[in-house]
Amino acid sequence: MMFDAIRFRDDFPALSTGQVYLDSAATALKPQPMITATSDYYRQDTANAYRSLYQQAQRTTQQIETTRQRVAELIHATSPQQIIWTKGATESVNLVAQSYARYTLKAGDEIIVSELEHHSNLIPWLIVAEQTGAKVIKWALNDNHQLDIAGLKQCISDKTQIVAVTQMSNVTGYQPDLAEIVKIVHANKAVIVVDGAQGILHSPIDVASLDIDFYLFSAHKLYGPTGLGALYVKADKLSQLAVWHGGGKMLKTASFSGFEPQLAPEKFEAGTPNIAAIIGFGATLNWLKQWDRLAAEAYTLSLAQQAEQDLQSISGFISYRATTSPILSFNIEHIHHSDMAVLLAEQKVAVRTGELCAQPLMRRLNCSGVIRAAFAPYNNQQDVLRLVNAVHTALDILR
Amino acid sequence: MNALNITEHQLVEQFAQQPTWQDRYRQLIALSKHLPPLAVEDKNAHYHINGCENNVWLKVTRHHDGRFHLSADSDGRIVKGLLAILVILVDGKTAEQITQIPFSDIFHQLKIDTELSESRLVGLNKLIEEIRQAVAQQNS
């Protein structure tokens with residue numbers, strides 16, 4: 001199946017504004033079917049789920065479960081019961097930290113966190129370490145800014161209970177070798193938590209065959225709505241998770257002397273879920289099925305590569321891009337990243353700048369911040385050209 | 001006269017002559033180069049302004065004659081250019097004169113208020129507020 005980039009791009013109304021959108025690592029744009037489904041829910045189908053018997057209410061419940069099923073299929077989970085709805089990737093990590101780690105960690109235990117991580121896959125571990133007396137250990141990058149297996153072997157021990165690692169860095173776009181990592185983690189009787197926030201857009205994952213214990217992502221980074229995330233939990237870990245938020249619909253029976261929780265996933269989904277977002281995301285996932293995602297990714301990579309190549313001619317250009325990354329983070333010597341960002345914004349080129357919620361990685365890369373152009377399959381050659389021209393115009397002003 | 005030896009009138013004239021947004025930014029960068037750098041020992045936490053995308057240092061001192069001296073620095077050139085404008089407007093004035101500076105009118109005349117995004121305008125207003133507070137504190 002060929003990837004029809006023009007047809008793909010046409011599905012994103014936000015691109016009609018004429019802006020060059022290169023901030024897809026922060027949030028991906030939304031395709032028309034998602035927007036329509038969300039608006040239809042609010043316009044004509046509004047109802048709560050899991051509660052009432054009238055048609056819209058029943059349909060809403062049905063749509064939520066269909067979307068759960070689609071998420072399970074997307075990441076190759078064996079059962080939709082292993083998918084828990086959350087507010088986003090951040091809340092998912094916090095759920096694992098507070099419902100699993102908090103009850104399994106003892107003083108002196110260790111949590112290994114890679115140096116690549118976004119703050120959302122570091123701070124929840126620091127919090128639970130503080131609560132339990134466990135320690136957070138850094139899995140440092142090697143000289144090529146990669147996570148090598150030797151480095152993991154150096155820090156893993158019988159004290160290690162949890163290893164937290166990203167599927168794809170939000171700064172360099174580097175993707176660690178998850179299959180190898182999982183083998184070592186499991187051989188040491190620890191569990192693996194994989195942050196899919198970046199990876200979900202670019203690399204289809206198979207959580208079952210990789211034997212991942214916890215996998216999580218945000219819907220908005222995969223052409224979906226904001227305020228929705230998913231947490232996948234391997235079956236044997238699901239029963240070990242303690243209750244999280246208390247409230248409506250997470251329980252079977254309740255009285256003033258106590259309550260009996262529901263089974264997973266409902267046990268972790270107290271209160272009215274983000275129905276509109278789940279329905280919108282269901283439409284996104286249905287729309288996504290028609291595209292050859294591997295071909296789309298190859299196309300995206302070619303754009304990032306082209307941009308890197310074209311910017312290479314600028315003296316002082318520093319690229320932090322991993323070899324097969326759709327994300328191009330860069331700096332130009334003696335130019336402050338925020339000066340560049342201001343002047344790119346003037347030219348309607350949307351990029352992200354700063355520490356990108358990864359302060360430890362910034363220290364490792366020896367910079368105070370970067371300029372990040374994050375490509376997606378709706379970008380095109382024209383976007384690359386406008387980025388490159390805009391950088392030259394900015395330099396012309398700044399130098 | 002202020003530390004840049006440019007009057008407010010000259011400043012407005014310089015910017016009025018710039019036909020495009022690129023030229024106005026060039027003018028801002030040129031101004032940044034005229035801003036005397038802050039002494040290394042003054043680039044400390046005491047003078048550092050929190051919450052900016054760039055590192056910004058602001059030092060406000062009161063002379064015995066009641067006039068204030070403003071020195072400032074940043075690691076970003078655009079912000080440094082904006083700081084240079086603030087120095088031109090504030091440096092060498094008394095507390096009363098400083099409270100009367102019509103900052104937003106002047107930024108409008110310079111045509112940079114349309115150029116700067118909302119978040120940077122907020123940042124600029126924050127810097128003005130910091131200056132006003134420092135002046136009020138030292139004058140009391």
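The values are calculated or read from the model by the stated rules, or taken from the named source; none is laboratory data. Since the model is a prediction, treat every value here as computed from it, not as a measurement. Backbone-built Cβ (ideal geometry, glycine too); neighbour counts: all protein chains shown. SASA here: full protein model, heavy atoms, side chains in, ligands and nucleic acids out. Shrake-Rupley method; radii C 1.70, N 1.55, O 1.52, S 1.80 Å.
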Any idea of the total accessible area buried by the B-A contact, 1.4 Å probe, rounded to 100 Å²? 1400
Taking chymotrypsin sites (Phe, Trp or Tyr not before Pro) as exposed when in a DSSP loop with at most 10 other Cβ atoms inside 10 Å, chain A has its longest clean stretch at A:55-255
List, by residue number, every residue in the range A:344-368 with a reduction of 50 Å² or greater in accessible area between the chain on its own and the complete protein assembly, 1.4 Å probe. A:E346
Charge dipole (the range B:8-139, unit charges on Cβ, about Cα centre) - positive-most of B:P37, B:Q17, B:V87: B:P37
Under a point spin-label approximation (7 Å from Cα along Cα-to-Cβ), what is the A:M2-A:D143 distance to one decimal in nm? 4.5
Inter-part distance where the range A:1-55 and the range A:258-292 are each reduced to a Cα centre, Å: 16
Between B:N139 and A:S315, take the C-beta separation as r, use R0 = 41 Å, and let me know the FRET efficiency to the nearest 0.05. 0.25
Chain A: DSSP helices with Cα axial extent of at least 18 Å and average Kyte-Doolittle hydropathy no lower than 1.0: A:275-288
Give the dimensionless ratio obtained when the Cα radius of gyration of the range A:34-288 is divided by 2.2 N^0.38 Å. 1.03
Can you list residues whose amide H is under 5 Å from A:I112's amide H, if they're 5+ apart or on another chain and H is modeled 1.01 Å from N? A:I137, A:Q161, A:I162, A:V163, A:A164
If you take the C-alpha gyration tensor of chain B, multiply each eigenvalue by 5 and take the square root, what semi-axes do you get, largest first, in whole Å? 23, 17, 14
Taking 0.36 nm per residue of separation between B:N125 and B:A39 and subtracting their Cα-Cα distance, the length gained on full extension comes to 28.5 nm
What are the ³J(HN,Hα) values, in whole Hz, obtained from phi via the Karplus relation 6.51 cos²θ - 1.76 cosθ + 1.60 with θ = phi - 60°, for each residue of the range B:68-77 in sequence order, with x given for Gly and Pro? 9, 10, 10, 10, 7, 7, 7, 8, x, 6
For the range A:198-249 versus the range A:328-399, the gap between their alpha-carbon centres in whole angstrom: 31
In square nanometres, what is one fourth of the surface area of the convex hull spanned by the alpha carbons of the range A:104-173? 4.7
1.4 Å probe, heavy atoms, protein only - residues of the range B:70-86 losing at least 20 Å² accessible area vs chain alone: B:D75, B:R77, B:I78
What full-extension length gain, to one decimal in nm, is calculated for B:H63 and B:H108 as 0.36 nm per residue of separation minus the Cα-Cα distance? 13.2 nm
Ignoring ligands, DNA and RNA, what percent of the accessible area of the range B:8-139 is carbon or sulfur (1.4 Å)? 49
Set the bar at 21 Å for Cα to Cα. Now go through A:K30/A:K234; A:K189/A:K234; A:K87/A:K138 and name every pair that lies beyond it. A:K30/A:K234; A:K87/A:K138
Got a sec? Charge dipole of chain A, +1 on Cβ for Lys and Arg, -1 for Asp and Glu; which of A:G108, A:V71, A:G258 is way out at the positive end? A:G258
Picking from A:G282, A:F330, A:L15, whose Cα lies most toward the positive end of the charge dipole for the protein assembly as shown (charges on Cβ: Lys, Arg +1; Asp, Glu -1)? A:G282
Relative contact order %, the range B:8-139, counting alpha carbon pairs below 8 Å whose residues are six or more apart: 26
Sorted from largest to smallest, which semi-axis lengths in Å does the alpha carbon gyration tensor of the range A:15-83 give for its equivalent ellipsoid, taking the root of 5 times each eigenvalue? 28, 20, 8
So what are the ³J(HN,Hα) numbers for the range A:6-21, from phi and the Karplus equation (6.51, -1.76, 1.60; θ = phi - 60°), rounded to whole Hz, Gly and Pro as x? 5, 5, 4, 4, 4, 7, 10, x, 4, 6, 6, 6, x, 7, 8, 9
Could you work out what % of the accessible surface of the range A:164-223 is carbon and sulfur, using a 1.4 angstrom probe and leaving DNA, RNA and ligands out of the count? 50
Using a 1.4 Å probe and counting only protein heavy atoms, arrange B:M1, A:M34 so the residue with the most accessible area comes first. B:M1, A:M34
How big is the Kirkwood radius of the protein assembly as shown, worked out from every pair of different alpha carbons and given in Å to one decimal? 26.0
The answer for chain B, accessible area per residue at 1.4 Å probe in Å², is 52
At 7 Å along the Cα-to-beta-carbon direction for both A:K348 and A:W291, put a label point, then send me their distance in nm to one decimal. 2.3
Amide H proximity to A:L328 below 5 Å, modelled H, separation 5+ or other chain, gives A:A373, A:A374, A:F375
Can you run phi through the Karplus equation (6.51, -1.76, 1.60; θ = phi - 60°) for the range B:124-134 and list ³J(HN,Hα) in whole Hz, with x for Gly and Pro? 5, 5, 5, 5, 4, 4, 4, 5, 4, 5, 4
Any chance you could check the Cα centroid distance between the range A:105-131 and the range B:63-117 for me, in angstrom? 45
Accessible solvent surface per residue of chain A, calculated while the other protein chains remain in place, 1.4 angstrom probe, Å²: 40
B:N55/A:A179 FRET efficiency (R0 45 Å; Cβ-Cβ; nearest 0.05): 0.60
Just to confirm the filter: which trypsin sites (Lys or Arg not before Pro) across the range A:276-360 are DSSP coil and have at most 13 other Cβ within 10 angstrom of their Cβ? A:K289, A:K348
With all protein chains present and a 1.4 Å probe, how do A:D143, B:D23, A:D236 order by accessible area, largest first? A:D143, A:D236, B:D23
Counting only pairs 8 or more places apart or on different chains, how many lysine pairs in the range B:8-139 have C-alpha atoms closer than 17 Å? 7
With the crude spin-label approximation of a point 7 Å out along Cα→Cβ, what separation in nm comes out for A:Y54 versus A:L385? 5.5
